[in-house]
Amino acid sequence: MHTILLSFQSIGVVYGRLSTAPLYVFGSIPQNDFKSDESAYEYFSFIFWTLTVLSLVKYTFIVLKADNDGEGGTFALYSLLCKHAKVGLLPNDKTSDDVTNNKTGSPSRTKAESRARRAIAKHKSSHYLMLFLALFGSCMIICDAVLTPAISVLSAASGLRRSLTDIKYSSSRETEDSILKDLRKYVPVPTACAILVCLFTLQQYGSHRIGSIFAPVVILWLLFITGVGIYNIFHYDPHIVFAISPKYMYKFFQSISWRSWRSLGSITLCVAGSEAMFADIGHFSMKSIKMTFVCLIYPVLILSYAGQAAFISHALSIKDSSFSIDDYNHFYRSVPDHIHYVFTILSLLASAIGSQATITACFSIVNQCLALGCFPRVKVIHTSDKIHGQVYIPDLNWMIMILSLGITIGFHDIVRIGNASGMAIVSGMLVTTCLMSLVIALYWEKSLLLSACFLVFFGSIEAVYLSSNLLNFHKGAWYLAVLLALSLTTMVAWHYGTLKKYQFDIENKVSMEWLTDPSSGLRVSRVPGIGFVYTDIVTGIPAFFSHFITNVPAFHQVLIFVTFKSLPEPFVSPTKRYLIGRVGNRDNKIYRCIVRYGYHDHIRDSDDFEEQIIRSIGEFISLEEHDTESLMSTEGKMIIVGKQLPEGDALIPLHDTGATSSPHASTQTNINTTGDTKPKRKRKKVRFMLPANSPKMRSSVREELNELVDARESGTAYFLGQSHIAVRNGSNFIKRFLIMVYVFFDKNCREPHVALNIPHAALVESFWLDDNTEPLAEKR
């Protein structure tokens, strides 16, 4: 029953794009390319086999199986390669994710090193190539999310213009004729813009609500185009069913010309939405998406395209004089006259819905890029508690809307927008084919011959369509290059800057002996309370905290270094999320907590994060000497916590709903190196106590837990270092440009959500040079 419900919702979200493609596939082919009725047969043959080979065989039966724990898209394929072929370049630490792949707690098993895996591991350039392919494919989905709403809505608005043209034929008055002429000229674009604004405004309600609202409309649309298709087949040209024979494609290539080769780019639009079908797995499920396409979407589309081809073939064979330049080969003309107005209303609604698949796919892809450090910080809203993959990104939503409105107003031409959209579609498919061939060889561990066959067979088909789209570069496809340059530059620059920051932290960290060794001469004092130090490194002391200690030689009774580590998988189980270790000996009371999360986890939005960390520390103290499931790092043993203890929780939280004005309120002063102080913010207080069976604990464990509770009662401070990167004199132009772009987004995008809705207790700012291990300057 749940699968049926998801299938119903997926009709309104995933398949709107594929379902509305008949509006503009034939309409985007230039009129002069239809030389005779045989041309309709040839183009329909291409449409049939393209849908069958790419959408049905490649995506439905092969690519959908390569999901990454229920998530799809180019970044999901790249994540599979990162986990199983060790090709990742993104900053991550082996200590933090070794046991993540160990789902059962038993020693993890790694696949035998194949020859292909060893060869790729040796060549670092191949790792960069795979990351580039993942970023390139993600950018194509983002570009498609900009272009699809424009072409879908504008094609339906063109049908509205033709309806107004019909009204003119029934009117004989000159005034009415003048009014209708103005309506035909000015109504389509404003109507398309109004629909686009409404569409993007609805995104905040989430995929499950939008799917439930849109699905009935799409189902009505599918029934409508099925009926029209069957009617046209029997009424105009029943022999069109024989056009599925590949011989018509052979005839097309026999009389090929540059003009007809360019027209193949329009055929690409018939598979528009196939890539989004894979990327939207996280919003629904593989089974529901596959079942809906095979049983409903595919046969409906074949009948619809066949009916439209039958109408065009008939009209060309009799030299129909009603075929004018304005309404030639548009889907509207193939609809019987008495239901034109029904078509106009349904097409307007369906075209708005048709854009939903690429918009939701765009949200999913960007959410994955965010977690892996390849996209500037934006707010991500999870719209469903049951399906974690359903997300909404407000900033991205409005940005896409503005760009889509700009295309609609600037181009207002289906053919030009179709050329750009077709190139985006086939480019994204080609990237998926390349990554999928690597997944077949490196993850599925099939033979290299099978992987090569997959790449050559599907890649050659997509390369043919890509070449035809390149011929249309000057006819609208150039806009895709502009969008690609903007999005790819943003993602590459952000990844480069993030990587440089991480490398600086690693190279400039201080050993823990520097802090704990009495002979270091620091004369550090311990003050009551708990100090949370947020850092990106998993060993040693971050540079910003050592700077703070040098200027203020004191830190808290309990010190906890907290590190967030994203893993190339959608979700990390709560029982595997927290990795706790001790820094130094027991008397130091210094702990390290590594918080591991997947690219669809939203633990950073949790208001009880502080409580979870303290409880995890308490569990670590109880398990430390008896735990067998642990990792060894350079600082000592680290234990995975989160499981229910046999003797119960080590610490019991007591929720105090009072304000923090009590004597035990958390320390909430924000200190930076310039001496600024921010006012206190009221927050909810969570206190802890030892369980009733605490006397049965060993005295050392009970004593350390008591110290942890007392430190929590004394207050909590939060240390967060914010580093800023600058360009070193002498750096080449590319590095300068990437750092400039990174700095721009770092200053203008959202603040890092590592703070988890809690105030900063210490903010130390430092500036350093690109490709340099020494800080450029430090504020005192």
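The values are calculated or read from the model by the stated rules, or taken from the named source; none is laboratory data. Computed from a prediction, not measured in an experiment: that's the story for all the values here. Cβ: placed from backbone, ideal geometry, glycine included. Neighbour counts: every protein chain shown. Protein only, heavy atoms only, side chains kept; ligands, DNA and RNA dropped before computing areas. Shrake-Rupley method; radii C 1.70, N 1.55, O 1.52, S 1.80 Å.
Being modelled with pLDDT of 85 or more, assigned to a helix (DSSP H, G or I) and farther than 13 Å from Pro149 by Cα, is that true of even one residue in the stretch 347-365?
yes
What residue, of Tyr236, Tyr205, is hydroxyl-bearing (Ser, Thr, Tyr) and open to solvent by 80 Å² or more (accessible area, probe 1.4 Å)?
Tyr205
Within the stretch 548-574, restricting attention to residues that are in a helix (DSSP H, G or I) and within 28 Å of Tyr597 (Cβ to Cβ), which residue is least open to solvent (accessible area, probe 1.4 Å)?
Phe548
Given the criterion under 27 Å from the mean Cα position of the chain (by Cα), open to solvent by 20 Å² or more (accessible area, probe 1.4 Å) and modelled with pLDDT of 85 or more, identify the matching residue among Val197, Val241, Val218.
Being under 27 Å from the mean Cα position of the chain (by Cα), open to solvent by 20 Å² or more (accessible area, probe 1.4 Å) and modelled with pLDDT of 85 or more holds for just one of Val197, Val241, Val218, which is Val197.
Quick one: which helices (runs of 4 or more DSSP H) lie wholly within the stretch 407-516 and hold at least 3 residues that are under 23 Å from the mean Cα position of the chain (by Cα) and either crowded, with 20+ Cβ neighbours inside 10 Å or modelled with pLDDT under 85 (or both)?
Once the helices (runs of 4 or more DSSP H) in the stretch 407-516 are filtered for at least 3 residues that are under 23 Å from the mean Cα position of the chain (by Cα) and either crowded, with 20+ Cβ neighbours inside 10 Å or modelled with pLDDT under 85 (or both), what remains is 414-442, 478-507.
Specify the residue that is farthest from Tyr43 (Cα to Cα); the eligible residues are those in the stretch 7-31 that are open to solvent by less than 10 Å² (accessible area, probe 1.4 Å) and among the hydrophobic types (A, V, I, L, M, F, W, C).
That would be Val13.
Given (1) β-branched (Val, Ile, Thr); (2) surrounded by 20 or more Cβ atoms within 10 Å (Cβ to Cβ); (3) out of contact with any helix residue (DSSP H, G or I) (no Cβ under 6 Å at 6 or more places or on another chain), where does Val538 come up short, assuming only one miss?
For Val538, the exception is condition (3).
Please state which of the following conditions Ser525 fails to meet, knowing it meets all the rest: (1) free of Cβ contacts under 8 Å to residues at least 60 places away in the same chain; (2) in contact with a Ser or Thr (Cβ under 6 Å, 6 or more places away or on another chain).
(2)
Using the structure shown, decide if Val538 is among the β-branched types (Val, Ile, Thr), part of a strand (DSSP E or B) and at pLDDT 80 or above.
For Val538, the condition - among the β-branched types (Val, Ile, Thr), part of a strand (DSSP E or B) and at pLDDT 80 or above - is not met.
Which one of the conditions (1) modelled with pLDDT of 85 or more; (2) surrounded by fewer than 24 Cβ atoms within 10 Å (Cβ to Cβ) does Thr74 fail to meet, given that it meets all the rest?
(2)
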